[in-house]
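Report on the following structure.
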Amino acid sequence: MYTLFWEKGSGSIVVQALLEELGVNYDRNYVDMEAGEHQKGEYIRQNPTGLVPALMLPDSHTIGESAAIVLHLEEQCPDGQVIPQSGDNERPDFLYWLLFMATTGYTTFGRLAHPERYTQDQDALGPVRLAAEGDVTRFFDVLEEGIKGEPYFLPSGFTALDIYMTMLAGWHPDKDALFQRNPRVAALCTAVESRPAYKKVIADHA
Ligand SMILES: N[C@@H](CCC(=O)N[C@@H](CS)C(=O)NCC(=O)O)C(=O)O
């Protein structure tokens, strides 16, 4: 049994939706980040980065980092569906775009939500936020060009990349404008949002 450490609206969405898509048994352990639970006690002992999400594996070992968790869950889909396996000709692109989303994308949203972590100058908070908004726009413009399937990211069809991108789009402050500017991003997210697994997870996070 896996245990997902989660917080509403956090990056745990991609992990939970993947577990649901794969039909894997898991339970959830809520980390109240507003109360600082991610920075203390049992959680920080198990996941020293103090970030959410984290996943406790069946052997009770815990790992964090959304991209690492996604890749580790490959062991749950030996047929290569959802996560292209080593040797699959889509594997390099899968890794490329997954890491772009998890590093550049996730971090840019972090800067947008927490500009105070990027400057000690109170007067600079607005400009830092504005710069982050521009980077979010550029990030999705790049993804718009990167999408090679229809509606999904990779030509062979649905993968974990689609879940990851839909989660990030869900954090966009103006999703209508995003969808208007990037029609392929819009079609992909709309397709993912209509999948039963994603619907269930979003309801859990509401
Ligand atoms: N690189 C990490 C980022 C995770 C992350 O930043 N999670 C946020 C919640 S969405 C968090 O834990 N923030 C707490 C903090 O920054 O102190 C991943 O991909 O899992």
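Rounded to 0.05, the FRET efficiency of the TYR96 and ARG28 pair, given R0 = 35 Å and the Cβ-Cβ distance, is 0.70. Restricting to the stretch 2-76, what percent of DSSP beta bridges are antiparallel, rounded to 5? Around 55 percent antiparallel, to the nearest 5. Grouping the Cα pair distances of the chain into 5 Å bins from zero gives a pair-distance distribution of 1, 7, 15, 18, 20, 17, 12, 7, 2, 1, 0 percent in increasing distance order. Here the Karplus relation 6.51 cos²θ - 1.76 cosθ + 1.60, evaluated at θ = phi - 60°, turns the backbone of the stretch 23-36 into coupling constants of x, 8, 6, 7, 10, 10, 10, 6, 10, 7, 6, 5, 7, x Hz, with x for every Gly and Pro. For LYS200 and ALA113, the difference between the fully extended length at 0.36 nm per residue and the C-alpha to C-alpha distance is 28.8 nm.
Evaluate the charge dipole of the chain about its Cα centre and quote only its size in Debye, nearest 20, assuming +1 on the Cβ of each Lys and Arg and -1 on the Cβ of each Asp and Glu. Roughly 160 debye for the chain. Only alpha carbons enter this Debye calculation for the stretch 91-194, each as an equal point scatterer, and the log10 of I(q)/I(0) it gives at q = 0.11, 0.12, 0.18 Å⁻¹ is -0.34, -0.40, -0.81.
Out of all DSSP beta bridges in the chain, what portion is antiparallel? Express it as a percent rounded to 5.
55
Peptides 179-192, 81-94 ordered by packing proxy, namely the average of other Cβ atoms within 10 Å per residue, highest first: 179-192, 81-94. The Cα atoms of the stretch 2-76 cover 32, 25, 20 Å along the three principal axes, with the biggest extent listed first. What value, in deg cm²/dmol to 500, does the helix sum -39500 (n - 2.57) over DSSP H runs of n ≥ 4 give at 222 nm once divided by the residues of the chain? Mean residue ellipticity, 222 nm, calculated: -14500 deg cm²/dmol. Candidate cross-link partners of LYS8 among the aspartates and glutamates, defined by an alpha-carbon separation under 14 Å and a same-chain spacing of 8 or more, comprise ASP32, GLU34, GLU37, ASP204. Sorted ascending by nearby beta carbons within 10 Å, beginning with the fewest, GLU37, GLU144 become GLU144, GLU37.
Readers should treat all values here as calculations from the given coordinates under stated rules, not as data from a laboratory. Everything quoted here is computed from the prediction, not taken from an experiment. So basically every Cβ, Gly included, is an ideal-geometry build from the backbone, and we count neighbours across all protein chains shown.
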